[in-house]
Amino acid sequence: DTLNNRVEIFDADGNFVSEFGKHGDGPGYLARPKGIAVDSDGHIWVADQMEDRLQVFNREGQLLTYIGTGHGELPGQFKSLMGVAVDKQNRVFTTEQEPGRLQVFRYVTDAQAADEKAKKQEELEKAADRRQKAAALPTQAKPAEAAPQKAPVSAPQNSAAPTKAPGL
């Protein structure tokens, strides 16, 4: 609902289910939502034209994340954001009115994120086990290296040569 700055949710028969959204200019608020899409996890993607921000909400209307740091033409920025779509390969397509540009982003599903997190946790646990096993091994003492010996300094020997007395 563009002019009321909200998202309305209906069931397959067209019956109203719920709504969310408030007018504002910060993340989580809406200012002229123009495009909407739903991904395979049920997240709601909203293209906000006035703020040039793509926001992702859960079905209860809680902000999960957003893309866009203001008006611009760099990747990840938008200029008059108008539409959003998500395909079966989890690609997110956005359209912009002014530059007539299409941007494509990759969406990581909740299941993919959970799998990746589990793999990283497993790697961390294996690394910790290896460190613990290495620390538990008895350390082998290196043979002590002998310090180099200096030749003993001997006292001067008496010689048969006469010594001169000082002052003579």
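The values are calculated or read from the model by the stated rules, or taken from the named source; none is laboratory data. Because the structure is a prediction, the values reported are computed rather than measured. Neighbour counts run over all protein chains shown; Cβ positions are idealised from the backbone, glycine included. The accessibility values were calculated without ligands, DNA or RNA, using every heavy atom of the protein model including side chains. Shrake-Rupley method; radii C 1.70, N 1.55, O 1.52, S 1.80 Å.
Tell me the net charge near G24. Cut-off is 13 Å between Cβ atoms, G24 excluded, with +1 for each Lys or Arg and -1 for each Asp or Glu.
With Lys, Arg at +1 and Asp, Glu at -1, the net is +1.
With viscosity set to 0.692 mPa s at 37 °C, what whole-number translational diffusion coefficient in µm²/s follows for the range 46-118 from Stokes-Einstein and a Kirkwood radius over Cα pairs?
Approximately 253 µm²/s, per Stokes-Einstein.
Please give the per residue accessible area of the range 1-54, computed with a probe of 1.4 Å over protein heavy atoms only, in Å².
Accessible surface, normalised per residue, equals 53 Å².
What fraction, in whole percent, of alpha-carbon pairs in the range 1-87 exceed 21 Å separation?
Pairs farther apart than 21 Å: 23 percent.
Based on the Cβ-Cβ distance from A111 to A136, what FRET efficiency comes out when R0 is 45 Å, to the nearest 0.05?
Working: r = 37 Å, r/R0 = 0.83.
FRET efficiency, A111 to A136: 0.75.
So if R0 is 35 Å, what FRET efficiency would D25 and K120 give, r being the distance between their Cβ atoms, rounded to the nearest 0.05? Each step should come with its number before you reach the end.
Working: r = 36 Å, r/R0 = 1.03.
Efficiency at R0 = 35 Å is approximately 0.45.
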